[in-house]
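Quick one: the structure is below, and I'll ask about it shortly.
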Amino acid sequence: MLFRRIYMMGMVATLLLLASCGDGQKAPVVRSVYFWSTTFELDSAQMDFIRSNDIRKIYLRYFDVVTTPQGEVLPNATVQFVTPQPDSVEIVPTVFITNECMTHIPDDLADKILSRILQMNETRDIFGVREIQIDCDWSGRTRTAYFDMLEQLTEKAKAKGIDISTTIRLHQLSQTPPPVNRGVLMMYNTSDIKDKEHNPILDIKDVQPYMKHLKSYKLPLGTAYPMFYWDLLFRGEHFVGIMHSDDDLPVIPGDTIIHRDVPLDMVLQVKQLVDKHHPHANDEIILFDISKQNINNNKNQHYEKIYNY
């Protein structure tokens with residue numbers, strides 16, 4: 001039964017591709033989402049979103065890689081599986097690595113990441129994995145170590161029939177691309193979260209200066225767009241944190257809570273800008289993220305406009 005499901009998924013994807021290419025039209029956009037939580041549990045609204053929006057891939061955060069106070073590099077916040085893998089949806093295991101880890105990276109980190117992911121796939125019956133994504137906000141200081149690790153991971157994953165992708169932040173577009181199969185351009189968190197005057201989630205003014213590098217970027221790309229909002233707590237000019245619920249951060253008299261979200265028009269303007277400079281970067285569109293809160297906060301027709309050309 002398992003192999004039949006994988007076979008049918010592949011056949012459907014192939015037929016769609018042939019149908020779109022046969023008449024000279026562009027292939028349909030691959031519709032994807034991020035799931036960024038420590039528990040993989042989908043309620044009826046999330047399942048309905050996946051079905052009604054024809055979601056093909058879920059980039060599922062498996063675990064973080066962090067540095068302990070003792071200087072050890074270890075996995076953290078591993079996802080717990082409650083909901084089984086949805087039918088006809090490909091899971092892309094995604095691992096967030098702190099930049100600090102790259103300053104004293106273990107020689108066997110690539111082996112450990114791949115082995116842990118493969119073990120989790122087997123234990124939780126995650127089938128048909130063809131891609132692993134690594135998310136790291138690397139810098140010029142850590143680039144060499146990070147790229148060396150990615151090169152090892154890409155080679156080891158290739159032997160398992162798995163591609164490696166990485167997130168690409170705007171400031172990284174001017175750098176040499178990572179040695180992986182593909183990248184995902186992150187079109188959110190585009191400015192400083194502590195800036196009270198600008199929208200830190202997405203603003204086309206923050207994006208435009210980097211577009212000159214996008215046109216010549218030598219790595220196949222998909223693009224991720226925001227579907228989330230933040231309530232930011234400030235104490236005077238001091239940024240306290242993100243409000244996740246009414247009582248998770250103490251609010252005292254004089255504090256300010258600033259609500260930040262991204263209007264649909266802004267997302268569509270940025271999407272058009274990406275189209276202009278790198279037409280194939282929107283061949284796959286990933287929305288961050290498919291939390292219950294974000295689905296309830298957005299209108300379904302908004303998703304359709306973002307996914308469609």
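The values are calculated or read from the model by the stated rules, or taken from the named source; none is laboratory data. Source: prediction; values computed, not measured. FYI the Cβ positions are ideal-geometry reconstructions off the backbone, even for glycines, and counts take in every protein chain you see. For the accessible areas, the whole protein counts, side chains as well, though only heavy atoms, and no ligand, DNA or RNA atoms are used. Shrake-Rupley method; radii C 1.70, N 1.55, O 1.52, S 1.80 Å.
Quick one: F234 ticks every box in (1) assigned to a strand (DSSP E or B); (2) closer than 23 Å to V95 by Cβ bar one, so which box is it?
Condition not satisfied by F234: (2).
I would also like to ask the following. I'm trying to understand the selection: among the residues of region 51-71, which are in contact with a strand residue (DSSP E or B) (Cβ under 9 Å, 6 or more places away or on another chain) and over 13 Å from C136 (Cα atoms)?
Correct list: N53, D54, I55, R56, K57, I58, Y59, L60, Y62, T67, T68.
Can you name the residue in region 24-60 that is surrounded by fewer than 17 Cβ atoms within 10 Å (Cβ to Cβ) and either among the β-branched types (V, I, T) or in a strand (DSSP E or B) (or both) and, of all such residues, is nearest to the chain's Cα centre (by Cα)?
Going through the qualifying residues, I end up with T38.
Cβ-Cβ below 9 Å, separation at least six or inter-chain, first residue in region 149-165 and farther than 9 Å from A110 by Cβ and among the basic types (K, R), second assigned to a loop (DSSP other than H, G, I, E, B) and modelled with pLDDT of 95 or more: which pairs?
From region 149-165, the pairs are K158/N181; K160/V129.
Give the residues of region 253-288 that are of a type in the set (A, V, I, L, M) and either under 18 Å from L173 (Cβ atoms) or not in a helix (DSSP H, G or I) (or both), sorted by residue number.
Listed by number, the residues that qualify are I257, I258, V262, V270, L273, V274, A281, I285, I286, L287.
Cβ contacts < 8 Å: first residue touching a residue at least 24 places away in the same chain (Cβ under 8 Å) and among the acidic types (D, E), restricted to region 30-53; second residue part of a helix (DSSP H, G or I) and surrounded by fewer than 18 Cβ atoms within 10 Å (Cβ to Cβ), any location; separation 6+ or different chain. Result?
Here the result reads D43/K292, each pair linking region 30-53 to a residue that is part of a helix (DSSP H, G or I) and surrounded by fewer than 18 Cβ atoms within 10 Å (Cβ to Cβ).
Given the criteria under 23 Å from L74 (Cβ atoms), touching a helix residue (DSSP H, G or I) at 6+ places or on another chain (Cβ under 8 Å) and open to solvent by 10 Å² or more (accessible area, probe 1.4 Å), does D108 qualify?
So D108 does not fit the description; no.
Give the number of residues within region 129-144 that are open to solvent by 30 Å² or more (accessible area, probe 1.4 Å) and out of contact with any Lys or Arg (no Cβ under 8 Å at 6 or more places or on another chain).
Going through region 129-144 one residue at a time, the tally reaches 6.
For the condition open to solvent by less than 60 Å² (accessible area, probe 1.4 Å), in contact (Cβ under 8 Å) with a residue 24 or more places away in the chain and over 20 Å from the mean Cα position of the chain (by Cα), what is the one hit in H277, H302?
Sole residue among the options that is open to solvent by less than 60 Å² (accessible area, probe 1.4 Å), in contact (Cβ under 8 Å) with a residue 24 or more places away in the chain and over 20 Å from the mean Cα position of the chain (by Cα): H277.
Are there any pairs, at least 6 apart or on different chains, whose C-beta atoms fall under 8 Å, with the first in region 65-94 and small (G, A, S) and the second buried (at least 19 other Cβ atoms within 10 Å of the Cβ), and if so, which?
From residues that are small (G, A, S), the pairs are A77/F63; S88/R56.
Follow-up. Is it the case, given these coordinates, that T223 is under 19 Å from the mean Cα position of the chain (by Cα) and closer than 13 Å to A281 by Cβ?
It is true that T223 is under 19 Å from the mean Cα position of the chain (by Cα) and closer than 13 Å to A281 by Cβ.
Counting only residues that are among the acidic types (D, E), give me the strands (runs of 3 or more DSSP E) lying completely in region 96-189 with at least 1 of them.
Here the list reads 131-135, 163-168.
Does P84 count as under 21 Å from the mean Cα position of the chain (by Cα), surrounded by fewer than 16 Cβ atoms within 10 Å (Cβ to Cβ) and closer than 23 Å to K292 by Cβ?
Yes: the conditions hold for P84.
Hey, could you check region 215-252 for residues that are open to solvent by less than 40 Å² (accessible area, probe 1.4 Å), touching a helix residue (DSSP H, G or I) at 6+ places or on another chain (Cβ under 6 Å) and over 16 Å from Q269 (Cα atoms) and say which is modelled with the lowest pLDDT?
F228
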